[in-house]
Amino acid sequence: MTAAGRDEKSMKAGYFSNNGYIFKMLWRMQKGRVAGEFLYHSLNYIYWVFYDILFLQYLVEALEKGKSFEQIMTFLLLVMAGFAVPGALSAWYVHVYRPRSDADIFEAVNGMLFEKATHVELECYENAEFYNRFTLAMKDCEKRLAQIVENQCVILASCIASAAALYYMFRIDRFVILFIAGPLIGNFVFGKLINEVKFRMNKECVPCQRRMEYVNRTLYLADYAKELRMSEVFRVMKKLYEEGFQGVLGKIREYRKRKVLLTFVRNIFTFVVIFQGVVFYSLYRVMVTRSMSLSGFTVLFSAMTAVAWMVIQASDSIVKSYEDSLYIANLKEFLEYEPVMDEKQAGLLPKSCEEAACGGPVLRFQHASFTYLGQEEPVLRDISLTIDRHEKIAVVGHNGAGKTTFVKLLMRLYDVSEGEIQYFGTNIKELDLPEYRKLYGTAFQDYQVFSMTVAENVLMRSPEGEEDYRKAEDCLKRAGVYERVSRLPHGMDTILTKEFAEDGAVLSGGELQKIAVARAFAREYQIAVFDEPSSALDPVAEYQLYENILEECVDKTVIFISHRLSTAVLADRIYLFENGRIAEQGSHEALMQKNGRYADMFRKQAENYVGGMKGVE
């Protein structure tokens, strides 16, 4: 079998398996919606067949046979009465039930996606291919799922209705149904070729469209606003957009002749062959051989028109279903993904530091190494260290030395590639993961502020009473930012950012960093980890922040991660990272006496800090 044949076979298999998968999912969520969609479209096709064939046939024959006006009007009133209730139900379904079930389906599927997203390991979000699948699974979720149900129901209902119409046509003339081959060839042969051309064209347009989308994205994001206004970069961006736009136009020009030719041939088979063919054939029987009545001619032509449009709708829905199948594949793959490290992993409950006070070091790295997915060189190499109860540790080094990766491994956002990490002698992989992470109060270097109130950003949940507000206030005071928060329009109930609130607060980087530190204080933690918590602060504010942190964490184990060495003086022990290894370790005094890399870095930074302190004074 050729590669193209294998691809086609795979696509067909994917079409049935993917659509079957989504139908089972939707049937579990909303049986009423699936059944209702089929009944709704079936009713529409019943109307179509009835009015184009039975209704028309009755009227023509009634006129031919000379039935009275009263008899015909009675029939019309009965038809109106008969379809009144189904019509009302259809209107209720479209305007009431369908929107409501769309919202229910959207909520249920997003709930599944959100739940899955909280189970997959952090590494997935740094894997471009996996992240693309996740975003594609989320994109237009509500519309896609509704479209999938509708397409499948249209296909089934139109096939049943077409069969019924063909039966009536066969009763009038058994040979006339041969004309149905026209739209079948037009839609399923030439229509397929048209879709293949469109697919190739769209695929080749993707690189150009990505350039255009990139420019669109950067122009409306606030992150780029200052650079765009303070430089000539807009011209470069505009040129990039024009290149993408011209690339898309070029592909349209390249494929337009083929698309026009195939569309022309498709229309010949789909419309001309069946419509003109049936007209000529029927007129021949009515006018030449006189073997068909006028009513038969009228019904036959109307039925053929109805069947042609039903076939067109069915073929269009099949094409859309193939497109949806690709979307479903992303959704299915994401939902069926088995995480290497389940974020909800159960295991041994970690002991508190008090319970394990005599159990040796709180944390121990034993020959731990780590390599990011897709990289050949490890970021951390053979790290061995211990951290004792209530000890204050500083992990320092230049940017890129591996400090932040060390934090990610410590909190098991990643698992080591080699070696192990122990908590009171137990490999952290054996511990209940959510419970293990509850041991930590953390302020990340790349912290995120949410468009929620200050109190919610500190507590990372909704306050449930005055006690929660007092707790948030206390944490903000200890982080040294409460005075600023108290001056906001609504105090701790002020929304941060202006994304959803015109009176939202836009704080400075240093103030937001202090809120991130307050967030760490708000947890019931055993071990505090501060990853570059003062990078946006001046030397005086930095010193005050660390004083507050040490006062707060006097009975806690504390780990500072920094490329600044001002914090190292306060630490019981310092680990200097270089190129993913521990280059030096010891107290500040011991490392200064050693006069090695740490001492050299400290002296150089101290010169800058002295200048900075004078500037502040």
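The values are calculated or read from the model by the stated rules, or taken from the named source; none is laboratory data. Computed from a predicted structure; not experimentally measured. Here the Cβ is made from the backbone with ideal geometry for all residues, glycine too, and neighbour counts use every protein chain on show. The accessibility values were calculated without ligands, DNA or RNA, using every heavy atom of the protein model including side chains. Shrake-Rupley method; radii C 1.70, N 1.55, O 1.52, S 1.80 Å.
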Open item on the list: Taking R0 as 35 Å, what FRET efficiency do you get between Ala81 and Arg290 from their Cβ-Cβ distance, rounded to the nearest 0.05?
Closed with: 0.35
Task: Loop-resident sites, the range 487-575, for chymotrypsin sites (Phe, Trp or Tyr not before Pro), counting at most 16 other Cβ within 10 Å (DSSP) - done: Phe500
- [ ] Tell me which label goes with the value of mean projected area of the Cα convex hull in nm² computed from the coordinates here: [x] 35.0; [y] 31.3; [z] 40.8.
- [x] [z]
Task: Rough spin-label spacing in nm, given labels placed 7 Å along Cα→Cβ, for Arg461 and Phe500 - done: 1.9 nm
Task: Two-site label geometry, Ser587 and Leu570: point separation in nm, points 7 Å out along Cα→Cβ - done: 1.8 nm
- [ ] Enumerate the lysines that Lys471 could reach by cross-link, defined here as Cα to Cα under 20 Å, with residues fewer than 8 away along the same chain left out.
- [x] Lys438, Lys514, Lys556
Task: Unsatisfied cross-links (Cα-Cα over 25 Å) in the set Lys392/Lys477; Lys257/Lys320; Lys351/Lys477; Lys203/Lys259 - done: Lys351/Lys477
Task: Interchain or long-range residues, amide H under 5 Å from Leu363's placed H - done: Ile387, Phe424
Open item on the list: Could you work out what % of the accessible surface of the chain is carbon and sulfur, using a 1.4 angstrom probe and leaving DNA, RNA and ligands out of the count?
Closed with: 58 percent
Open item on the list: What distance in nm separates the two pseudo spin-label positions at Phe69 and Lys604, each 7 Å out from Cα along the beta-carbon direction?
Closed with: 10.5 nm
TODO: Just tell me, in residue order, which DSSP H segments of the chain are both 24 angstrom or longer along the helix axis (alpha-carbon based) and at least -1.0 in mean Kyte-Doolittle hydropathy.
DONE: 3-29, 31-49, 69-92, 98-119, 141-172, 191-220, 233-267, 294-335, 597-616
- [ ] Would you kindly state how much longer the chain becomes between Phe450 and Ala117 on full extension, computed as 0.36 nm times their sequence separation minus their alpha carbon distance, in nm to one decimal?
- [x] 118.1 nm
- [ ] Just flag the GluC sites (Glu not before Pro) in the range 476-563 sitting in loop per DSSP whose Cβ has no more than 15 other Cβ atoms within 10 Å.
- [x] Glu499, Glu502, Glu524
TODO: Report the chymotrypsin sites (Phe, Trp or Tyr not before Pro) located in the range 265-326 that are in a DSSP loop and have at most 15 other Cβ atoms inside 10 Å of their Cβ, or state none.
DONE: none
- [ ] Out of all DSSP beta bridges with both ends in the chain, state the antiparallel percent to the nearest 5.
- [x] 45 percent
Open item on the list: Only four residue types carry charge here, +1 at the Cβ of Lys and Arg and -1 at the Cβ of Asp and Glu. Report the dipole size of the chain about the Cα centre in Debye, rounded to the nearest 20.
Closed with: 3280 debye
Task: Lys192/Tyr214 FRET efficiency (R0 45 Å; Cβ-Cβ; nearest 0.05) - done: 0.85
Task: Accessible solvent surface per residue of the chain, calculated while the other protein chains remain in place, 1.4 angstrom probe, Å² - done: 54 Å²
